Amino acid sequence: MHDDKNISEIKADHETIIENSELNIWEALIPVILLMGLLFYNITYKDGEWFGEYSNQFILLIGGAIAAVVGFYNKVSVNRMVTEVWANLKSVFIPIMILFLVGALAGTWLVSGVIPAMVYYGLQVLSPSIFLPASVIIAAVISIATGSSWTTSATVGIALVGIGTALGIPPGMIAGAVISGAYFGDKMSPLSDTTNLAPAMAGTDLFTHIRYMTLTTIPTIIITLVVFAILSLSVDTTGSADVSSLLVTIASTFNITPWLFLVPVTVIALILLKTKPPLIALVTGVLLAAVFAFVFQPEILNGLGDSKISTITTSILTDTQITTDNEKLNELFSAGGMKGMLWTIYLITCAMIFGGIMDGIGALARITKGLLSIATSVFGLFASTVISCLGLNIIASDQYLAIVIPGKMFKKAYEDRGLAPENLSRTLEDSGTVTSVLIPWNTCGAYQSGGVLGVGISEYFVYAIFNWLSPFTTLLFAALNIKIRQLASK
């Protein structure tokens, strides 16, 4: 009988942490171990297509089914699991709408000439010798201003990948630079939701949290910039298309004019003005690009379809390919529209089902408590927090849960050790916020790789220097007891 008497809940800033007194740590780990094993086998031995194109999605559903069996064994009702799955799915409704609109944005910005114009002018300003560190800085500035790494990637990120690819720079390097800068800005911006959530969970205020984060974040971003500066100087662009010939091809294919920049400038302005709901900014970008396509690119529209309207509709919904006499530009001037976002949306949906069942049976809280129980020193406490955040990014596939659950579970432990709450909030950001983009099935990883930048995580992982270096920086500071703030004496 499943009456859920073994279940207890902790409410935390619109999130519910569920604990299950019947569940032990080994049972909680069964779905995780099997999921990791299946994913590893699929990626390593089956080239990601064990069950066809949607293998990872299917494996996440298998993981969810295994978690449900564990839940039944530990007296968790179907209603409880379904409720949590539904809550998870509702939480990603807006991100899924954003993904659809980003697909539409990519298509309309292509046929209107916005993306080609960005590439055209960018090729004349950004040379290979400064491109990568400049990309980090540009992405960081936009992300600080908007408070959103997602918005940064969907606007300047797309343009930078296009420009860098035309210059002959490996896409993985470009995506790594964009993501490093975007997540630095997201992490440090007072407008960011995660930057507000972390101190709320730990029990400190926003600006104390941001100031304290600079101690680990500034050294990390400096190292990141130095590495990208070295990469920019050493990258081999031999054999890449001559810039002058690329400029001629772009100018002969599209009507290039600075007026096209009104579209991205308008979108960024609306985002900075915090228009409600935020989807309005993206819808405006799609509609304005469609109008600009009629005005500036009538020949492109006529050449791609039976009518201008049908071409615009196709660019929003499905695949668009603009052919030039340059193979590199042919690859660049293609977009999948909303249809191109379906693989990513299915991945996010399946990840939310798995994460919802794991949360519903109490497995997420049980694993976090298990990590807390082995933290016997100050460094062990920091290490357990980092592992917990990383683990929840993998298991729950959601960066918010990777902040909320460890934040609530570890808060008292930090207090008991005499550590100021900003130690916890900083560690949550250093290991929860920034690593989410490194997990293929996490909402952030799926968005950046499959949804927006079009560069696989396996390609950009090593170059997302800021993201994977941040947890090591915070652990180094803890191990050497550098600027570990104590609670004020009462």
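Would you point out which residue out of 202, 166, 159 is within 27 Å of residue 254 (Cα to Cα), small (Gly, Ala, Ser) and more than 19 Å from the chain's Cα centre (by Cα)? Give the steps one after another, and end with the answer.
Values: 202 fails: within 27 Å of residue 254 (Cα to Cα); 159 fails: more than 19 Å from the chain's Cα centre (by Cα).
Exactly one residue qualifies, and that residue is 166.
Can you find, within region 128-151, the residue that is modelled with the highest pLDDT among those that are among the β-branched types (Val, Ile, Thr), open to solvent by 10 Å² or more (accessible area, probe 1.4 Å) and more than 20 Å from residue 103 (Cα to Cα)? I'd like the intermediate steps shown before the answer.
Restricting attention to region 128-151, the residues satisfying the condition of being among the β-branched types (Val, Ile, Thr) are 130, 136-138, 141-142, 144, 146, 151.
Then keep just the ones that are open to solvent by 10 Å² or more (accessible area, probe 1.4 Å); that gives 130, 137-138, 141-142, 144, 151.
Subset that is more than 20 Å from residue 103 (Cα to Cα): 130, 137-138, 141-142, 144.
Values: 130: 86, 137: 92, 138: 89, 141: 83, 142: 80, 144: 83.
So, considering only residues that are among the β-branched types (Val, Ile, Thr), open to solvent by 10 Å² or more (accessible area, probe 1.4 Å) and more than 20 Å from residue 103 (Cα to Cα), the one modelled with the highest pLDDT is 137.
Within region 341-350, can you find the residues that are surrounded by 23 or more Cβ atoms within 10 Å (Cβ to Cβ) and more than 17 Å from residue 439 (Cα to Cα)?
Within region 341-350, just 341 meets the criteria.
Hey, any hits in region 86-107 for a residue that's free of Cβ contacts under 8 Å to residues at least 60 places away in the same chain and open to solvent by 40 Å² or more (accessible area, probe 1.4 Å)? Give the derivation first.
Our first condition is that a residue be free of Cβ contacts under 8 Å to residues at least 60 places away in the same chain; within region 86-107, this holds for 90, 93.
Still in the list and also open to solvent by 40 Å² or more (accessible area, probe 1.4 Å): 90, 93.
Checked against the condition, which is being free of Cβ contacts under 8 Å to residues at least 60 places away in the same chain and open to solvent by 40 Å² or more (accessible area, probe 1.4 Å), region 86-107 yields at least one hit.
Does residue 428 count as in contact with a strand residue (DSSP E or B) (Cβ under 7 Å, 6 or more places away or on another chain) and touching a residue at least 40 places away in the same chain (Cβ under 8 Å)? Step through it out loud before you land on a result.
Values: in contact with a strand residue (DSSP E or B) (Cβ under 7 Å, 6 or more places away or on another chain): no; touching a residue at least 40 places away in the same chain (Cβ under 8 Å): yes.
For residue 428, the condition - in contact with a strand residue (DSSP E or B) (Cβ under 7 Å, 6 or more places away or on another chain) and touching a residue at least 40 places away in the same chain (Cβ under 8 Å) - is not met.
Would you be able to tell me the number of residues in region 258-291 that are among the polar types (S, T, N, Q) and free of Cβ contacts under 8 Å to residues at least 12 places away in the same chain?
Residues of region 258-291 that are among the polar types (S, T, N, Q), as a first pass: 266, 275, 284.
Filter once more, so that each one left must be free of Cβ contacts under 8 Å to residues at least 12 places away in the same chain: 275.
The number of residues fulfilling the criteria is 1.
Go through region 303-351 residue by residue and tally those that are closer than 16 Å to residue 452 by Cβ, touching a helix residue (DSSP H, G or I) at 6+ places or on another chain (Cβ under 7 Å) and small (Gly, Ala, Ser).
4
For residue 451, only one of the following conditions fails: (1) out of contact with any helix residue (DSSP H, G or I) (no Cβ under 7 Å at 6 or more places or on another chain); (2) at pLDDT below 90. What is its number?
Status for residue 451: all satisfied but (1).
If a residue must be over 22 Å from the mean Cα position of the chain (by Cα) and either modelled with pLDDT of 85 or more or of a type in the set (A, V, I, L, M, F, W, C) (or both), how many such residues does region 333-356 contain?
Step one: list which residues in region 333-356 are over 22 Å from the mean Cα position of the chain (by Cα), which gives 333-334.
Among the residues that remain, those that are also either modelled with pLDDT of 85 or more or of a type in the set (A, V, I, L, M, F, W, C) (or both) are: 333.
Looking only at that region, the number is 1.
Being over 25 Å from residue 265 (Cα atoms) and either aromatic (Phe, Trp, Tyr) or open to solvent by less than 30 Å² (accessible area, probe 1.4 Å) (or both) narrows it down to one of 160, 197, so name that one.
Working: 160 fails: over 25 Å from residue 265 (Cα atoms).
None of the others qualify; the one that does is 197.
Looking at (1) free of Cβ contacts under 8 Å to residues at least 24 places away in the same chain; (2) farther than 18 Å from residue 354 by Cβ, which is the one condition that is false for residue 445?
(2)
Tally up the residues in region 470-490 that are of a type in the set (Lys, Arg) and at pLDDT 95 or above, please.
So the first thing to find is which residues in region 470-490 are of a type in the set (Lys, Arg), and the list is 483, 485, 490.
Going one step further and asking which of them are at pLDDT 95 or above, we end up with none.
The qualifying residues number 0.
Is at least one residue of region 351-367 assigned to a helix (DSSP H, G or I), free of Cβ contacts under 8 Å to residues at least 12 places away in the same chain and open to solvent by 40 Å² or more (accessible area, probe 1.4 Å)? Break it down into steps so the answer makes sense when it comes.
Taking region 351-367 and keeping what is assigned to a helix (DSSP H, G or I), we get 351-360, 363-367.
Pick out the ones that are also free of Cβ contacts under 8 Å to residues at least 12 places away in the same chain and you get none.
Scanning region 351-367 turns up no residue that is assigned to a helix (DSSP H, G or I), free of Cβ contacts under 8 Å to residues at least 12 places away in the same chain and open to solvent by 40 Å² or more (accessible area, probe 1.4 Å).
In region 267-299, which residue that is modelled with pLDDT under 90 and β-branched (Val, Ile, Thr) is most open to solvent (accessible area, probe 1.4 Å)?
The extreme case among them is 280.
Would you check if residue 154 is of a type outside the set (S, T, N, Q) and at pLDDT below 85? Walk me through how you get there before you give the answer.
Working: of a type outside the set (S, T, N, Q): yes; at pLDDT below 85: yes.
It is true that residue 154 is of a type outside the set (S, T, N, Q) and at pLDDT below 85.
Does residue 308 satisfy the condition of being without any contact (Cβ under 8 Å) to a residue 24 or more places away in the chain and surrounded by 17 or more Cβ atoms within 10 Å (Cβ to Cβ)?
Yes, satisfied.
Is it the case, given these coordinates, that residue 131 is over 14 Å from residue 166 (Cα atoms) and out of contact with any Lys or Arg (no Cβ under 7 Å at 6 or more places or on another chain)? Spell out the reasoning first.
Numbers: over 14 Å from residue 166 (Cα atoms): no; out of contact with any Lys or Arg (no Cβ under 7 Å at 6 or more places or on another chain): yes.
Here the answer is no, as residue 131 does not meet what is asked.
Is it true that residue 83 is within 16 Å of residue 267 (Cβ to Cβ) and in contact (Cβ under 8 Å) with a residue 40 or more places away in the chain?
On the way: within 16 Å of residue 267 (Cβ to Cβ): no; in contact (Cβ under 8 Å) with a residue 40 or more places away in the chain: yes.
Taking the combined requirement at face value, the residue does not satisfy it.
Looking at (1) free of Cβ contacts under 8 Å to residues at least 40 places away in the same chain; (2) assigned to a loop (DSSP other than H, G, I, E, B), can you tell me which one residue 210 breaks?
(2)
What number of residues in region 242-266 are assigned to a helix (DSSP H, G or I), open to solvent by less than 30 Å² (accessible area, probe 1.4 Å) and under 13 Å from residue 120 (Cα atoms)?
Restricting attention to region 242-266, the residues satisfying the condition of being assigned to a helix (DSSP H, G or I) are 243-253, 258-266.
Among the residues that remain, those that are also open to solvent by less than 30 Å² (accessible area, probe 1.4 Å) are: 246, 249-250, 260, 263-264.
Still in the list and also under 13 Å from residue 120 (Cα atoms): 246, 249-250, 260.
Here the count works out to 4.
Considering only residues that are in contact with a Ser or Thr (Cβ under 8 Å, 6 or more places away or on another chain) and open to solvent by 20 Å² or more (accessible area, probe 1.4 Å), look in region 397-411 and name the one that is nearest to residue 464 (Cα to Cα).
The initial filter retains those residues of region 397-411 that are in contact with a Ser or Thr (Cβ under 8 Å, 6 or more places away or on another chain), namely 397-400, 402-403, 405-407, 409-410.
Now narrow it down to the ones that are open to solvent by 20 Å² or more (accessible area, probe 1.4 Å): 400, 409.
Details: 400: 20, 409: 29 Å.
Checked region 397-411; the qualifying residue nearest to residue 464 (Cα to Cα) is 400.
Right, residue 180: part of a helix (DSSP H, G or I), among the hydroxyl-bearing types (Ser, Thr, Tyr), closer than 18 Å to residue 139 by Cβ and in the same structural domain as residue 139 (by the TED database) or not? Before you say what the answer is, go through the steps one by one.
Details: part of a helix (DSSP H, G or I): yes; among the hydroxyl-bearing types (Ser, Thr, Tyr): yes; closer than 18 Å to residue 139 by Cβ: yes; in the same structural domain as residue 139 (by the TED database): yes.
For residue 180, the condition - part of a helix (DSSP H, G or I), among the hydroxyl-bearing types (Ser, Thr, Tyr), closer than 18 Å to residue 139 by Cβ and in the same structural domain as residue 139 (by the TED database) - is met.
The values are calculated or read from the model by the stated rules, or taken from the named source; none is laboratory data. Small disclaimer: the values here were computed from a predicted structure and weren't measured. Because the Cβ atoms are built from the backbone with ideal geometry, glycine has one as well, and the counts that use them run over all protein chains shown. All accessible areas refer to the heavy atoms of the entire protein, side chains included, with ligands and DNA or RNA removed. Shrake-Rupley method; radii C 1.70, N 1.55, O 1.52, S 1.80 Å.
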